[in-house]
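One structure is given below, encoded as structure tokens.
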Amino acid sequence: MADTVLYEVGDGLATITINRPEAMNALNIATKVALRDAVQAAAGDDAVRAVLLTSAGERAFCVGQDLKEHIGLLAEGSTSVMSTVKEHYNPVVRALTEMPKPVVAGVNGVAAGAGFGLALAADYRVVADTAGFNTSFAGVALTADSGISWTLPRVVGPGRAADLLLFPRTIKAQEAYELGIANRLVPVDELHAEAEKVARALAEGPTVAYAAIKESVAYGFSHSLSETLEKEDELQTRAGASEDHAIAVRAFVNKEAPEYLGR
């Protein structure tokens, strides 16, 4: 793993930290490769029950593509410039949204372009009160990537998503909370501690149920009510057969706090 992305696993929680604070955590090729590898490692590790995605520093969560590197590649006539969507962003977003475990984004500062996309790919966003969000793409004559054309309408609705994509502007933290982009708003100096607290609570929770919730919500957006009811039946059967469900029922009857195993 490159030092531009830090990866740690402990007590069921994988913490992935974009570590380029001097560049506002912009995504150059090395960072995108390391981020892809880290997210895929967390998705495939049975010891990981939840993921925390955050960034170093307080100025920026991630400002998206490293435009300095991008300009240099364009000047060289590199054919790899636009392949980054297929090679890097798409695998990262798929892993974040499809892994059967909850993902928390700790948004410590500006999230723009692909950085906004990464935050939206998480299941839950803890956001610093100094943070801001900007789609950015149209401002540099590009279209949406990093899954944002799929995630943003699901969070704010298609009309508001079109407005934010066609007329990019900075959405300040309070507005982001009101729009549902931020699930929890905290003072910037409490961001990392609060995001870790939320992620650790999920890592200690009923993993099978969380996976089913994540799958059912994604499924319901693109299927009929009848199909969704069938999917809920399938997933509830799976959750009901889990050890965690048996533990939860026993704990409830005995008036005890459940200690889940994640299976």
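Worth pointing out:
- Taken over segment 1-21, residues that are closer than 15 Å to Cys62 by Cα and free of Cβ contacts under 8 Å to residues at least 12 places away in the same chain amount to 0.
- Any hit, segment 117-129, residues being over 20 Å from Lys32 (Cα atoms) and of a type in the set (Gly, Ala, Ser): yes
- Filtering segment 1-31 to residues that are under 15 Å from Leu67 (Cβ atoms) and among the aliphatic types (A, V, I, L, M) leaves Ala23, Met24, Ala26, Leu27, Ile29.
- Residue satisfying all of: in segment 83-107; basic (Lys, Arg) and part of a helix (DSSP H, G or I); modelled with the highest pLDDT among these: Arg94
- Pairs are defined by a Cβ separation below 7 Å, a sequence spacing of at least 6 or placement on different chains, a first member in segment 207-227 that is part of a helix (DSSP H, G or I), and a second member that is of a type in the set (Gly, Ala, Ser) and surrounded by 15 or more Cβ atoms within 10 Å (Cβ to Cβ); the pairs so defined are Thr207/Gly262; Val208/Ala239; Val208/Ser242; Ala209/Ala239; Ala212/Ala239.
- Residue count for segment 187-240, restricted to those that are over 17 Å from the mean Cα position of the chain (by Cα) and within 17 Å of Arg125 (Cβ to Cβ): 4
- Flag for Asp66 being at pLDDT below 95, of a type in the set (D, E, K, R) and buried (at least 18 other Cβ atoms within 10 Å of the Cβ): yes
- Ala111 falls short of the stated requirement of being out of contact with any Gly (no Cβ under 7 Å at 6 or more places or on another chain) and farther than 22 Å from Arg36 by Cα.
- Look at (1) surrounded by fewer than 16 Cβ atoms within 10 Å (Cβ to Cβ); (2) in the same structural domain as Phe137 (by TED's automatic domain parsing); (3) small (Gly, Ala, Ser) and you find that Gly240 fails only one, number (2).
- Helices (runs of 4 or more DSSP H) contained in segment 122-196 and holding at least 2 residues charged (D, E, K, R), surrounded by fewer than 20 Cβ atoms within 10 Å (Cβ to Cβ) and modelled with pLDDT of 95 or more: 158-166, 173-179
The values are calculated or read from the model by the stated rules, or taken from the named source; none is laboratory data. No experiment lies behind these values; they were computed from the predicted model shown. Neighbour counts are summed over all protein chains in view; Cβ atoms, including those assigned to glycine, are modelled from backbone coordinates with ideal geometry.
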